[in-house]
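Undergrad: Here you go, one structure.
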Amino acid sequence: MTSDTNSSQSSIEEIMKNRQYEFFDEWVSNFALNLSDIWSGKSARDLDPSKNKNLEKGSNSAIVIGRGPSIKKFDHLKLLAESDYKGSIVCCDGKLIDALNAGITPEKFPKYYVATIDPYPEIQSYYDNKIIDEYGSKIKGIFTVLTNPKAVERAKVAGIDIHWIHSLFDYNEGEKSFNQISAKMVRAKKHSNGLPGIQTGGNVGTSAWFIAWQILKCNTVGLIGINHGWEEDDSWEKILCHGNFDLLKNIDQNDPSLKQLFKKIHNPEFNCNCILDPVFQFYSSALKEFISRSPKWVNTINATEGGSIFGDRVTCASFHTFLEKYHD
């Protein structure tokens, strides 16, 4: 490996190490501005069917809807909209408008949830749509306490019933961690038992998988649109837009280092290839590790029909097969 390759590898590793703290000041500000809403609002614990007599109990399933390219490639939204699926829908915020427009509405699928984890201002646009105003009052939102306040306000205007969670990112650092301090502040006024906290894996798709079994107690979780990887024929320019990879734009695309930084892997379950940039490498490895360590009663089925999620305790199947088996 050349010195330039070593330098690029070191730079990427540093980017990934510091990525979660890049917007730390904004996170703290978001939390402070949300605190009154959190104190007066609901905990995601209220969605646990074992603790709420008004929620359905027993064996159940959930479908997590992500934004990966395979969801359009295989027309999964249409397939779901036309199905008689009876389980929970956990939609990533960035796909909510598309899902509703495709006919996946809470009128047909009453156990309907949307997850928001990212704290960025652009999340507001995911809720700024007439179709969300139409159906929002029948959707339960599961929002991190770090959500941008403008996104919170727009979701509330649409009538979404927000339930709060902590997104865990520095809990392991002890009493002085932001997770610990913010949890104490939340408990200071109303939520004496605290809010539930989940690992996020750095993205809303992985968070939605956690929500499905950890919050909603669904024992089978199907995934669509959770590719955590690029399509094999995606352009170099498109791939570089995903992360802070400007330093690589001038590197020869035939440089051997790129084969490590932007790995092409083969998914034997769906017989396809995908490309993992350093961000997707992190997302993919984190989700697969979480799945492998999840409780034995959690059954994860990747029905994405592509991407990088396969391996230990991941069952891969077509979405059609999933809907046939778990429609009740």
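The values are calculated or read from the model by the stated rules, or taken from the named source; none is laboratory data. The structure displayed is predicted, hence computed values, not measured ones. Glycine also receives a Cβ, built like all others from the backbone with ideal geometry; neighbour counts cover every protein chain displayed.
Undergrad: Do we have any residue at all in the stretch 74-91 that's of a type in the set (Asp, Glu) and touching a Phe, Trp or Tyr at 6+ places or on another chain (Cβ under 6 Å)? Show your work before the answer.
TA: Of the residues in the stretch 74-91, the ones of a type in the set (Asp, Glu) are 75, 82, 84.
Subsequent filtering for residues that are touching a Phe, Trp or Tyr at 6+ places or on another chain (Cβ under 6 Å) retains none.
For the stretch 74-91, residues of a type in the set (Asp, Glu) and touching a Phe, Trp or Tyr at 6+ places or on another chain (Cβ under 6 Å): absent.
Undergrad: While we're here: Please name all residue pairs, on different chains or six or more residues apart, with Cβ atoms under 7 Å, provided the first residue is in the stretch 173-188 and is more than 17 Å from residue 30 (Cα to Cα) and the second residue is of a type in the set (S, T, N, Q).
TA: Within 7 Å, the pairs are 174/180.
Undergrad: How about the stretch 162-210: which of its residues are in a loop (DSSP other than H, G, I, E, B), hydroxyl-bearing (Ser, Thr, Tyr) and surrounded by 15 or more Cβ atoms within 10 Å (Cβ to Cβ)?
TA: If we filter the stretch 162-210 for residues that are in a loop (DSSP other than H, G, I, E, B), which is where we start, we get 169-170, 174-177, 188-196, 200-203.
Right, trim to hydroxyl-bearing (Ser, Thr, Tyr) and you get 177, 192, 200.
Matches in the stretch 162-210: 177, 200.
Undergrad: Between a residue in the stretch 115-138 that is part of a helix (DSSP H, G or I) and any residue that is surrounded by 14 or more Cβ atoms within 10 Å (Cβ to Cβ) and of a type in the set (Ser, Thr, Tyr), which pairs come within a Cβ distance under 7 Å, given they are 6 or more apart or on different chains?
TA: 123/116; 123/147; 135/105; 138/112
Undergrad: In the stretch 269-328, what residues are buried (at least 18 other Cβ atoms within 10 Å of the Cβ), more than 18 Å from the chain's Cα centre (by Cα) and touching a residue at least 60 places away in the same chain (Cβ under 8 Å)?
TA: Once the filter is applied, which keeps residues that are buried (at least 18 other Cβ atoms within 10 Å of the Cβ), more than 18 Å from the chain's Cα centre (by Cα) and touching a residue at least 60 places away in the same chain (Cβ under 8 Å), the stretch 269-328 yields 319, 322, 323, 326.
Undergrad: Of the residues that make up the stretch 270-285, is at least one at pLDDT 95 or above, out of contact with any Leu (no Cβ under 9 Å at 6 or more places or on another chain) and either among the acidic types (Asp, Glu) or not in a strand (DSSP E or B) (or both)?
TA: For the stretch 270-285, residues at pLDDT 95 or above, out of contact with any Leu (no Cβ under 9 Å at 6 or more places or on another chain) and either among the acidic types (Asp, Glu) or not in a strand (DSSP E or B) (or both): present.
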